[in-house]
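Asker: Encoded as structure tokens, here's the structure I'll be asking about.
The values are calculated or read from the model by the stated rules, or taken from the named source; none is laboratory data. Since we're looking at a predicted model, the values are computed, not measured. Here the Cβ positions follow ideal geometry from the backbone for every residue, glycine too, while neighbour counts run over all protein chains shown. Side chains included, ligands, DNA and RNA excluded: accessible areas come from the protein's heavy atoms. Shrake-Rupley method; radii C 1.70, N 1.55, O 1.52, S 1.80 Å.
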Amino acid sequence: KDRVPLYEWVIKKLKLRPVILHDFSRMNFVSTLLSKRKLGWFVEEGKVDGWDDPRFPTIKGVLRRGCQVESLYKFMVAQGASRKEGDMEWDKFWNFNKKVIDPIVPRYMAVDAVNNIILELEDVKELRAKTYPRHPKDKNGEQHGVKTLFLAPRIFLEYGDVHDDKSMVQKGEEVLLMQWGVIEITDVEVTDGKVLSLKGKTKPGANVSAPKRKIHWLADTPHVVKAKIFEFDYLITKPKIEPDEDFKAFINPHSVAETLVLAEAGLKTVREDQCMQLLRRGYYRVDKAYQNNSDEIHLFTIPDGKSKAVSTFATASAKMKHR
């Protein structure tokens, strides 16, 4: 503001077109460093992959994490030019992104590679393939295409979906398998309070709205692919670093968590940089696409504006906030 009178005086003396100046504050985010010097320290020390690290608040960083250019533009326009200073939460930023990608990204299913359980379907005798639209609102697959989903006598379930702190699946209980139908649990093998295996049978024509448990699943077939999911947290542990504080004292040692999952064969067709959704888990950007069966697909978790992850592996690292 101190230079405005001088600026106006120069404009007047030079007889140039008057310009209206409007001041606005810098946009700050909680638990985020925006100083290029401080961000450069993370790069030089090898604590991040580079300036496009998905934990960085750089344009390349948020794009690599899964932000779309359209949502970035909409977010900036919505903020306007305010003089008010403050630290924003990232939730609003990522909520704009969710509104852009949700109507278009394909849906797939995956289960934890370690914490899973086998369900044997007694009336399913052979492996079958069925075609489903990649997006639930694209019934015929005309806009987003279709995928092949395998139905098998043995399927993987997330362990947390059949036994958690509140309840355990019971014999005779009906469960909805998403994109398949209702099945009835006919046997539950339990040892020392832990479910070891399940048996069931399909119930064609049953009311899909009746079961309380609506869960995703994965057929146990040779077509299963492996994927590694990366979840990211803030690089620093303090919401705001004061001018007299050293940011190096607040480095987050647990800013990345990895989870290996087994996924349906449709993930073989996704391309690098493509966004997608794993049902009941969240949104992801493909950082490394499928190459061969011995390699893993790399998926970066895209925040959706919620403060907590909704997937069953959200507690994989209790020290993470899963932002």
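Asker: Dipole magnitude of the range 147-293 about its Cα centre, charges +1 at Lys/Arg Cβ and -1 at Asp/Glu Cβ only, in debye to the nearest 20? Provide the component values of the computation, followed by the final result.
Answerer: Working: 22 positive and 22 negative charges, 146 e Å.
Computed about the Cα centre, the dipole is about 700 debye.
Asker: What list of ³J(HN,Hα) values in whole Hz, one per residue of the range 264-278 in order, does the Karplus curve 6.51 cos²θ - 1.76 cosθ + 1.60 (θ = phi - 60°) give from phi, with Gly and Pro shown as x?
Answerer: Running phi through 6.51 cos²θ - 1.76 cosθ + 1.60 with θ = phi - 60° gives 6, 4, x, 5, 5, 8, 6, 9, 4, 6, 7, 9, 7, 10, 9 Hz.
Asker: Oh, and also: Who wins for biggest fluctuation among 23, 304, 91 in a Gaussian network model of the chain, springs between alpha carbons below 10 Å?
Answerer: Result for the chain, Cα springs under 10 Å: 23 fluctuates most.
Asker: Mind checking which of 162, 136, 117 is farthest towards the positive end of the range 106-225's charge dipole, using Cβ charges of +1 (Lys, Arg) and -1 (Asp, Glu) about the Cα centre?
Answerer: It is 136, whose Cα lies furthest towards the positive end.
Asker: Just want the answer: with Cβ charges of +1 for Lys and Arg and -1 for Asp and Glu, which residue in 216, 127, 32 is farthest toward the dipole's positive end in the chain?
Answerer: Result: 32.
Asker: Right, next: For the chain, with every protein chain kept in place, what is the accessible area per residue (1.4 Å probe, Å²)?
Answerer: Details: 18400 Å² over 323 residues.
With the other protein chains kept in place, the chain gives 57 Å² per residue.
Asker: What residue among 249, 257, 265 has the largest mean-square fluctuation in a Gaussian network model of the chain, using Cα springs under 10 Å?
Answerer: Of the options given, 249 has the highest mean-square fluctuation.
Asker: Now, a different point. Residues in the range 68-84, backbone N under 11 Å from the label point at residue 52 (7 Å along the Cα-to-beta-carbon vector): list them, ranges by number please.
Answerer: Under 11 Å, as judged by backbone N against the label point of residue 52, lies no residue of the range 68-84.
Asker: What FRET efficiency, computed as 1/(1 + (r/R0)^6) with R0 = 51 Å and r the Cβ-Cβ distance, is obtained for residue 85 and residue 296, rounded to the nearest 0.05? The partial results should precede the final answer.
Answerer: Values: r = 43 Å, r/R0 = 0.85.
Result of the calculation: an efficiency of 0.70.
Asker: Now for a separate question. Please build a GNM for the chain, connecting alpha carbons under 10 Å apart, and tell me which residue among 22, 163, 216 fluctuates the most.
Answerer: Ranking 22, 163, 216 by mean-square fluctuation puts 22 first.
Asker: Would you work out which of 249, 291, 200 lies farthest towards the positive end of the dipole of the chain? Charges go on Cβ: Lys and Arg +1, Asp and Glu -1.
Answerer: My answer, from the dipole projection, is 249.
Asker: Which percent, to the nearest 5, of DSSP beta bridges fully inside the chain are antiparallel?
Answerer: Numbers: 47 of 61 bridges.
Bridges in the chain are about 75 percent antiparallel.
Asker: Work out which GluC sites (Glu not before Pro) in the chain are exposed loop sites (DSSP not H, G, I, E or B, at most 11 other Cβ within 10 Å) and give the longest gap free of them. List each step's numbers first, then the result.
Answerer: Numbers: sites that count: 45, 85, 126, 142, 245.
The answer is 143-244.
Asker: Here's something else I'd like to know. Evaluate the charge dipole of the range 69-217 about its Cα centre and quote only its size in Debye, nearest 20, assuming +1 on the Cβ of each Lys and Arg and -1 on the Cβ of each Asp and Glu.
Answerer: Numbers: 24 positive and 23 negative charges, 135 e Å.
Dipole size: approximately 640 debye.
Asker: What is the percent carbon and sulfur in the accessible area of the chain, measuring with a 1.4 Å probe over the protein chains and ignoring ligands? Intermediate values should be presented prior to the final figure.
Answerer: On the way: 9340 of 18400 Å².
That share works out to 51 percent.
Asker: If you don't mind, there's one more thing I want to ask. In the range 174-194, whose amide N lies under 14 Å from the spot 7 Å out along Cα-to-Cβ of residue 118? List them in ranges.
Answerer: 189
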